[in-house]
Each structure stands twice: as C-alpha cells, then as structure tokens.
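A short write-up of the structure that comes next.
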Amino acid sequence: MKTANGHEIIQLFESWSPKKLACMDNDPIGLAIGTLNKNVTKVLVTLDVTDQVADEAIKKGCQLIIAHHPPIFRKLSNLRTDTPAGKLYEKLIKNDIAVYAAHTNLDVATGGVNDLLAEALELLDTQIFEQTFSENLMKLAVFVPDGHADALRLALAKVGAGHIGNYDSCSFSSNGIGRFRALEGADPYIGEVGEMEETEEVKIEVVFPTSMKNKVLKAMLNAHPYEEPAYDFYTMAVETNQMGLGRIGTLKEPMTLEQFANHVKSSLNVPAVRVVGNLQEEVKKVAVIGGDGNSYVHSAKRAGADVFVTGDIKFHVAQDAENLGLNIIDPGHHVEKVMIKGVSEKMTQLCIENKLDVEFIKSEINTEPFQFI
C-alpha cells in the first residue's frame, strides 16, 4: 500500500462519478477549497460542510473532505472572515483541509445518491426516469496482419472496446489484401524499403462509447505491429450510457400508501414524512429522487409511478400532483445522507484495489437543519 496524493483519490472518485454527468447549469462541483497536490491519508465524507463538520475533520486528522452539497454554491464577491461562511473557509484553509464537492454528478452516477436511495427503499428492477446524459457510440476499423489479429482483438477488449449490453469482446472481422511501399527512412515490419508489398490482412471493427476513444486508440497502437497502422474512426448515430436523475422500480409486494410511508420513514431513518394522496390506496411502482424533486413530478407520473418519494415539495406542486393522481411522500432533503456510507464504502474498495493507503471516515455530524416536534 502506498500513500495517496489528493489527485489520485479524486481521479478514482471521478472514474465512477465524473463531472460530465452534472445536470445543473453552473453546478459548482469539483475542488472548492484548498489543494489536492498533497499527500492524503484520511478523507471525511459528508453531506454538508458546516462549522461542526470542519471541526470534526480537524479532530480526526483529515486532509480532504468529499461533500455532496457544495460549500460555495454562489460566486463570491469577497472573502470576509468576519462572516459565518468566511470563518468556515478560513478555518479549512488554515488547517490545510481541501474540500471537493460532487453534487448533481453524484445524483446521476451509477451507485450514486439515487441508486442508494432506491436500494434503501428495497426497490426492484430500477431504471432512470429522467435521462440527462448519453453519448454516441464510435466504431474503430483497423487493418492488421492476419497473424496479429487475435492479439489486437484481445488488447481492444481489455480496455472495454466491444462491450455491448451483457456481452463483451464483440468485434467483426473481414479478410482482404493490404498493399503498401515503404519509403526511405521507414522500418517496415513486412517487406523491404522501396518495394511494393502485398500481405493478407484482417479488418477488425469494434464499437465503444465516444469517451473511450483515446484509451482505445492507445491500446490499438501499442498492440499493432506496423509503424503506421491504417485505421478509421466513425461516429455512430446510436446512443449509449444513458444516465439520468431519479430511479423508478417496484416493491416486492404492494403496500398501502400509509404502509409505504412508514417503510420510507424506517428505511431512510427520518422522524416524519409528508404525504400527498389517499393513505389506503395500494402502491407498487415507486419513483425516487434525492433532494428537491419539485421539477420532476410530471416525469414521475409519465414514468408510471404510483408514488413519488422526494424532498422539498412545495404547496402548489403538491396540489398539482394530487390532481394528476400521483401520490407523494416527502421525507425531506436530508435523506441524501445515504451518500455518506455509500461513497465511503465505494472509495474504500477502489483504494484497496489500487493499493492506496487511505481511510474514508463517515461524518457523524447531523446537518439536518429542521427539528420535528
């Protein structure tokens, strides 16, 4: 195990929750305070960054905080240390504690906030219900001597090219004759300088998401025997990696709305929920989205949900949902705290796999601002 640099930790984090997944305009994600250019042995994972959370990080010897809610949500016009926010930033900087925020990208990410909420509610066969991200497939077509075709296919498969649904190592091959003449200064793998050459070649075609282009190109060039391989990239009119906000799934057994409301309370560990709808109505198909879900009521209804679990529902939005025939359970915004355990466990596993000596500490500070009487 080796000591990790802050950049290495965030590189691992962004391998599953990349910034490109953010779906809010000007979402202030990424490094908010401090520097990642330092050794990091302890990371505090928290929903919010408050003065008490900063004290916790100091007490536990953390050099980095990973938070879901950005500590600097709006652009600063000044940095005064005689304000509550300014005092917090000063404390973090003086104690050399960096803060990294993953907001809507962590909502969208596979294994992120919404998946964690769906898992906590024990939903089955979950899918996204509001797509916010996708990318096009690309195709690589490369020509290689027949004797090297298998090695090249293997190299491409190892970096993920040719992964389609529940299948991997997918490719198509066709045979033909390659012709070329090596000029002065070349070091040809086949043939002689100045002589026309013909050789049996295989055309290998594989598809992959556009974001993998550089990785696929590097793998192909490293595995190819030619000095100057012949290859083409094509952008395809096919989308892949569809991701988005919210999850929709089904309960193992139907419940009344009242029974499900109690299930939400216990599963998400909240003292109370607000409910819209007939408590005796039977529900089975459930949509869930962490945080403020006011904008997604119609999306949940279109997706066929019997009940929508989300926070911060406004009065008139609740009335609209009632008119649509959509039940709502509002457990509050703070249920996004599920990310503390989820992120800690995910990052611990990734660091073990990459032999990085890092401890991820779950914040014990309750940042829920509301009390229920």
- What is the Cα centroid distance between the range 246-318 and the range 16-69, reported in whole angstrom? 30 Å
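Over 34 Å, how big is the tail of the calculated P(r) for the chain, in percent of all Cα pairs? Don't jump to the answer; show the numbers that get you there.
On the way: 30693 of 69378 pairs.
The proportion of pairs with Cα distances above 34 Å equals 44 percent.
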- Query: Under a 5 Å amide H to amide H cut-off, with H placed in plane at 1.01 Å, what residues pair with residue 182 once short-range neighbours are removed?
  - Reply: 194, 195
- How long is the gain from residue 215 to residue 95 if the chain were fully straight, where each residue apart is worth 0.36 nm and the alpha carbon distance is subtracted? 39.4 nm
- Mean projection area, nm², convex hull over Cα of the range 204-280: 10.2 nm²
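Using a cut-off of 13 Å between beta-carbons, work out the net charge of the residues near residue 202 (Lys and Arg +1, Asp and Glu -1, residue 202 not included). Mind dumping the intermediate values first?
Working: positive: 153, 203; negative: 146, 150, 200, 201, 205.
Charge balance in the 13 Å sphere: -3.
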- Message: When 1/r is averaged over all different Cα pairs and the result inverted, which Kirkwood radius in Å belongs to the range 52-134?
- Response: 15.3 Å
- Average Cα contact separation per residue, the range 262-343, under 8 Å, 6 or more apart, as relative contact order %: 37 percent
- Item | Sites residue 322 and residue 262, calculated FRET efficiency, Cβ-Cβ separation with R0 22 Å, nearest 0.05 | 0.60
- Message: Need one word for the range 326-373: rounded, prolate or oblate. Basis is the Cα gyration tensor (sqrt eigenvalues a ≥ b ≥ c); a/c below 1.5 gives rounded, then a/b vs b/c decides.
- Response: oblate
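With respect to the cross-link table entries 19/252; 59/91; 252/301; 60/337, which display a Cα-Cα separation exceeding 24 Å? Provide the component values of the computation, followed by the final result.
On the way: 19/252 34 Å; 59/91 13 Å; 252/301 20 Å; 60/337 20 Å.
Cα-Cα > 24 Å for 19/252; rest within.
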- Message: Report the Cα-based extents of the range 203-336 along its three principal axes, largest first, to the nearest Å.
- Response: 71, 29, 28
- Query: Which distance in nm do the two modelled labels at residue 292 and residue 78 give, with both placed 7 Å along the Cα-to-Cβ direction?
  - Reply: 2.7 nm
- Which whole-Hz ³J(HN,Hα) couplings does the range 161-168 yield from phi under the Karplus relation 6.51 cos²θ - 1.76 cosθ + 1.60, θ = phi - 60°, glycine and proline marked x? 5, x, 8, 10, x, 9, 10, 10
- Query: Hey, got the Cα dimensions of the range 20-160 along the principal axes, in Å, largest first?
  - Reply: 71, 38, 32
- Pair residue 168, residue 236: separation of 7 Å Cα→Cβ label points (nm): 1.8 nm
- Task: Determine the shape class of the range 1-71: with a ≥ b ≥ c the square roots of the Cα gyration tensor eigenvalues, call it rounded for a/c under 1.5, and otherwise prolate if a/b is greater than b/c, oblate otherwise.
- Result: oblate
- Quick one: what are the phi-derived ³J(HN,Hα) couplings along the range 266-276, Karplus 6.51/-1.76/1.60 with θ = phi - 60°, whole Hz, x for glycine and proline? 6, 5, 9, 6, 10, x, 7, 9, 9, 10, 10
- Here, residue 371 and residue 193, labelled 7 Å along Cα→Cβ, have an inter-label distance in nm of 8.6 nm
- Query: Summing +1 for each Lys or Arg and -1 for each Asp or Glu, what net charge is found among the other residues whose Cβ lies under 12 Å from the Cβ of residue 126?
  - Reply: -2
- List, in order, the whole-Hz ³J(HN,Hα) value for each residue of the range 30-44 obtained from phi through the Karplus relation with A = 6.51, B = -1.76, C = 1.60 and θ = phi - 60°; use x for Gly and Pro. x, 5, 9, 9, x, 9, 9, 7, 6, 6, 10, 10, 9, 10, 8
- Note on the structure: One checks the Cα atoms of the range 268-373 and finds Rg and Dmax, in Å, of 17.3, 55
- Message: Pick from 128, 29, 352 the residue whose mean-square fluctuation is largest in a GNM of the chain, springs joining Cα atoms under 10 Å.
- Response: 352
- Compactness of the range 158-250 - radius of gyration and Dmax, Cα, Å: 18.5, 69
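All of the numbers you see were taken from the coordinates with simple rules; none came from a lab. The shown structure was predicted, so the numbers you read here are calculated from the model rather than taken from an experiment. Heads up, the Cβs are rebuilt from the backbone with ideal geometry, glycines too, and the neighbour counts pull from every protein chain shown.
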